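Derivation of every value follows stated rules applied to the coordinates shown; laboratory data play no part. Being a predicted model, the structure only gives us computed values, none of them experimental. Cβ coordinates were reconstructed from backbone atoms using ideal geometry, including for glycine residues, and neighbour counts include every protein chain displayed.
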Amino acid sequence: MNIQVELEETDNKLKGYIHGEIDAHTAPVLREKLEAYQNKDGVNAELDLSDVDYMDSTGLGVFVAFYKSVNAKGGHVKLTGLSSRLKRLFDITGLGDIMDIESVGKGGN
Amino acid sequence: MRPFDYVEMRVPAKSQYVGVARLTISGLASRIGFTFDDIEDLKIASSEAVTNAVQHAYTEGEEGEVVIGCALYGDKIEIMVADHGQSFDFEETKAKVGPYHDQEEGAFLREGGLGLYLIETLMDEVKVHHQEGVTVFMTKYVGGEQVEEDVETISS
C-alpha cells in the first residue's frame with residue numbers, strides 16, 4: 001500500500017510517473033507533489049499511470065483538482081498508460097469525456 | 001447453521017487501514033468465485049465505503065473504529081461498513097437497513113460524493129442506514145445481478 005511519485009519539469013513541461021496504489025491513504029502524497037506545479041502558468045503536464053495498479057475516487061479527486069488548476073492557468077494535463085480498469089473508472093464517472101486520457105489500448109489491463 | 005460464512009473486521013478509523021480492508025475483501029471474494037473484474041469492482045466499492053466511514057468517524061472527532069462485516073454466500077457477497085465502533089449484529093442491522101432514499105441520503109451523498117456514486121455503480125444492491133452513525137450495506141452477485149435470465153434468445 002504505497003505510492004511513488006516522480007515529477008520532472010523542464011521548460012514548463014511536466015513529466016510525471018506514478019507507481020503503486022492511489023487510495024485515501026496515498027492520495028494526499030500525490031496531491032501534495034502535484035500542488036507544487038498546479039499554480040504555474042501554462043504547464044504542459046503528462047502523467048504516466050501505467051504502473052498504477054489500484055485507484056478509487058480519492059485518486060480521481062486529486063487528478064480532477066490538478067486538471068482544474070492547470071487548465072485555469074492555461075495549461076494542459078494528459079494522463080497516459082491507463083489500464084482498462086483505470087480507463088473504466090474515468091469513463092463511468094464521466095471524467096473520461098472531460099479529461100485528456102490515453103489508455104494502453106490493446107487488450108491487457 | 002447459518003447459510004453463510006461471516007467475517008468481521010474492526011479497524012481504527014485511519015486511512016492506512018482502507019487498503020487492509022480492501023485486500024481482505026479481495027481475498028474473500030476470490031474464495032467464492034468472483035471474476036477478476038468483479039473483484040476489482042469490489043475492491044473499489046469497499047474502499048469507498050471504508051474511506052467514507054473513516055472520514056466520517058474522523059470528523060466526529062472521536063478516535064473511532066470502523067466495522068466491516070462480510071457475509072459470504074455461495075453466489076454473493078454482502079458487505080456492511082459501519083462508521084460507529086460498536087460491533088453490530090449482522091442480521092439485525094441488515095433487517096433494519098431500509099431502502100435507499102435519495103432525499104434522505106442527500107447529505108451523505110454530498111459528503112461521500114463520487115465515492116457513493118461508484119459504490120452504486122459497481123455493486124448490485126446498495127442500502128444506507130442512519131442510526132448511531134452511518135452503515136452502508138452492499139451486495140454483489142457472482143456472475144452479475146440476479147435478473148431474470150433472458151430466455152428469449154435471438155431466434156431466427
Candidate set: the range B:1-53, residues that are more than 10 Å from chain A (Cβ to nearest Cβ) and charged (D, E, K, R); chosen: the one surrounded by the most Cβ atoms within 10 Å (Cβ to Cβ): B:38
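Residue-by-condition table, conditions (1) closer than 26 Å to residue A:12 by Cβ; (2) buried (at least 20 other Cβ atoms within 10 Å of the Cβ):
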residue: A:68; (1), (2): yes, no
residue: A:72; (1), (2): yes, no
residue: A:78; (1), (2): yes, no
residue: A:82; (1), (2): yes, yes
residue: A:85; (1), (2): no, no
residue: A:90; (1), (2): yes, yes
residue: A:95; (1), (2): yes, no
residue: A:99; (1), (2): yes, no
residue: A:102; (1), (2): yes, no
